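The structure appears below as structure tokens.
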Amino acid sequence: MRRSRIWSVGAVACLVTVLAGCGTDLAKQTFPRSTVPATADLGGGSTDPTTATNGGGGVTGDEAFASKNLRRADPCGLLNEDALAEFGTPANSRLRDYDKCSNYMKDKSGKELNFTLTVGEILTGTSAEGTFKIGGLPATESELQDKTACFTNAITESSPKRAITLQMGGSGGLCEIGRKMLENVVKQVREGAQPLKLAKGTVVDLDPCEILDPSVIKSTIGESAENRLTTLHACSWNLSGASFDLSFEIGSNPDDLADAAETTPVDLGGVKAQKKAEKSSGSDRCRLEWAHAPFPEDRELAEVVSIEFSRYSAQTGEDTCAKVEAVAKALIPKLPTG
């Protein structure tokens, strides 16, 4: 599951799920269909499930499903009106992040029918071989006992296990609808997914597990820390008693949330960021966020870079905020510019 942004005012105000229509619309319109060019020389991925991989050609060898190609795919382009119309009356699709889109529509009987599509979701507790096939990909699904929600996954990578997932909410018969809709999505990806429309200098194509030099990771958390691409746009390094996270997200500009979130401005050599430190029960945590690029067509949102370091048992003399600031200063020159 996606790591929560613990100091985000929006996260406190509204927990977005497929079962409710709460949340800020990041995008409200459908764009003409175009394709994301395939990336050459993708290479293979690690067989170690704790480490990041770009996915090569995924579980089927089809490079359309490699992480490098899926990063730019527009999830709302996949969850489009033409595809949804088979099941009822679509509403406006709502972009939640680079990789997540929701549509809270009505079925053919006028009842609520909610879809949330996530591209590149990490799966746990399920076999990479799946239990059936969707569009040629191994797939799994689960359903709430009362039949009001179904979760369907088309597995794109086996190490780590990653999928295109569709979460559905409604009044019944959801898994059958989910399989049909996800088959449509898989077909679109294979044929060439509509790309996200982002500003120049976007960080959408970056692999957060690969962009930092190993020496930076070593000095922050330790040499033997294991990394994991938790989403297509977020990476986590873990060592006994500590964690370090780097993520690229679409969200509110941290400067606009500064008062409510009680953050402190920091100058990172010309880049203004917001910092929040937290100490409790012996733990020590610091988070640093800044707006890297505007998000088109919505002045209140931005592409946000987030860095967080947590020590679960505070160490004498360690300054967690100094560590995240050092990482930020090492990262900024590596980020694309507009």
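Just so you know, all these numbers are worked out from the coordinates, no wet-lab data involved. What you see is a predicted model, and the numbers here were worked out from it, not measured in a lab. Positions of Cβ are backbone-derived with ideal geometry, glycine not excepted, and every protein chain shown enters the neighbour counts.
Annotation note: GluC sites (Glu not before Pro) in the range 271-313 located in DSSP loop regions with a Cβ neighbour count of at most 15 within 10 Å are E297, E300. Among residues other than V216 with Cβ under 13 Å from its Cβ, the summed charge is 0 (Lys and Arg +1, Asp and Glu -1). Note that the range 219-260 carries a Kirkwood radius of 12.1 Å, evaluated over its alpha carbons pair by pair. Seen from every direction in turn and averaged, the convex hull around the alpha carbons of the range 218-338 projects onto 8.2 nm².
In terms of Cα atoms, the Rg and Dmax of the range 201-280 work out to 14.3, 38 Å. Relative intensity of the range 109-199 on a log10 scale, I(q)/I(0) at q = 0.12, 0.23 Å⁻¹, equals -0.37, -1.15, per a Debye sum over C-alpha point scatterers of equal strength in the absence of solvent. Mean projection of the Cα convex hull over all viewing directions, computed for the range 99-146: 5.0 nm².
Per the Debye calculation on the range 172-227 with a single equal scatterer at every Cα and no solvent contribution, log₁₀ I(q)/I(0) for q = 0.14, 0.17, 0.25 Å⁻¹ amounts to -0.72, -0.78, -0.98. Quick one: if the Förster radius is 22 Å, what FRET efficiency do S224 and K279 give, using the C-beta to C-beta distance and rounding to 0.05? Given R0 = 22 Å and the Cβ-Cβ separation, E is 0.30.
Distance between the pseudo-spin-label points of D298 and E86 (7 Å out from Cα toward the beta carbon): 2.8 nm.
Taking the inverse of the mean reciprocal distance over all distinct Cα pairs, the Kirkwood hydrodynamic radius of the range 136-183 comes to 10.9 Å.
Sites listed here are trypsin sites (Lys or Arg not before Pro) in the range 234-338 whose DSSP assignment is loop and whose Cβ has at most 12 other Cβ atoms within 10 Å: R299.
Subtracting the Cα-Cα distance of Y312 and T337 from their residue separation scaled by 0.36 nm leaves 5.5 nm.
When both the range 86-124 and the range 210-276 are represented by their alpha-carbon centers, they are found 29 Å apart. With Rh defined as the Kirkwood radius, the inverse of the mean 1/r over Cα pairs, the Rg/Rh of the range 60-181 is 0.96. Shown here: the range 290-331, whose C-alpha atoms stretch 47, 21, 10 Å along the first, second and third principal axes, sorted largest to smallest.
Net charge dipole, the range 216-338: roughly 460 debye, given to the nearest 20, about the Cα centre with Cβ charges of +1 for Lys and Arg and -1 for Asp and Glu.
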